[in-house]
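What follows is calculated from the coordinates using simple rules that are stated; it is not laboratory data. These numbers were taken from a predicted model, which means no experiment stands behind them. Using ideal geometry, Cβ is built from the backbone for each residue, glycine included, and neighbour counts are taken over all protein chains shown.
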Amino acid sequence: MADKSARLTGNVKGRWYVDSSCIGCGLCSSTAPDTFALGDDGQALVIHQPETADETELANQALNDCPVQSIGNDGE
């Protein structure tokens, strides 16, 4: 489970985030490219908070498939 106290600073503000346990595998950015991207340091970031049902579904899929559980949706 992602830790919002370890939220990466590059995430856009909002409920969804990636924390510092990200290993940069790229699964989330390939699953939901409108929401996630790999940053310059190789870790994923939320670049856009999901707004539509389709975006939310893809973000949830990325959250559930993340091999190290670095994605959270309980941020602020």
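Key figures for this structure:
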{"item": "Selection from segment 16-34 of residues that are in contact (Cβ under 8 Å) with a residue 12 or more places away in the chain and either part of a helix (DSSP H, G or I) or over 16 Å from Cys66 (Cβ atoms) (or both)", "result": "Leu27, Cys28, Ser29, Thr31, Asp34"}
{"item": "Residue match in segment 35-46 (condition: hydroxyl-bearing (Ser, Thr, Tyr) and in contact with a helix residue (DSSP H, G or I) (Cβ under 7 Å, 6 or more places away or on another chain))", "result": "yes"}
{"item": "Filter result (free of Cβ contacts under 8 Å to residues at least 60 places away in the same chain and not in a loop (DSSP other than H, G, I, E, B)) within segment 1-15", "result": "Ser5, Ala6"}
{"item": "In segment 32-41, residue farthest from Gly10 (Cα to Cα) [restricted to those that are among the aliphatic types (A, V, I, L, M) and touching a Leu at 6+ places or on another chain (Cβ under 7 Å)]", "result": "Ala32"}
{"item": "Subset of segment 35-53 that is within 14 Å of Trp16 (Cα to Cα) and free of Cβ contacts under 8 Å to residues at least 12 places away in the same chain - its residue that is surrounded by the fewest Cβ atoms within 10 Å (Cβ to Cβ)", "result": "Thr52"}
{"item": "Matching residues in segment 50-76 - criterion: being under 13 Å from Ser29 (Cβ atoms), assigned to a helix (DSSP H, G or I) and out of contact with any strand residue (DSSP E or B) (no Cβ under 7 Å at 6 or more places or on another chain)", "result": "Leu58, Ala59, Gln61, Asp65"}
{"item": "Filter result (without any contact (Cβ under 8 Å) to a residue 24 or more places away in the chain, surrounded by fewer than 14 Cβ atoms within 10 Å (Cβ to Cβ) and not acidic (Asp, Glu)) within segment 54-76", "result": "Asn64"}
{"item": "In segment 42-76, the residues that are in contact with a Leu (Cβ under 9 Å, 6 or more places away or on another chain), more than 16 Å from Gly14 (Cα to Cα) and not aliphatic (A, V, I, L, M)", "result": "Gln43, Asp65, Cys66, Pro67, Gln69"}
{"item": "Selection within segment 17-34 - under 20 Å from Lys4 (Cβ atoms), of a type in the set (Ser, Thr, Tyr) and surrounded by fewer than 18 Cβ atoms within 10 Å (Cβ to Cβ)", "result": "Ser20, Ser21"}
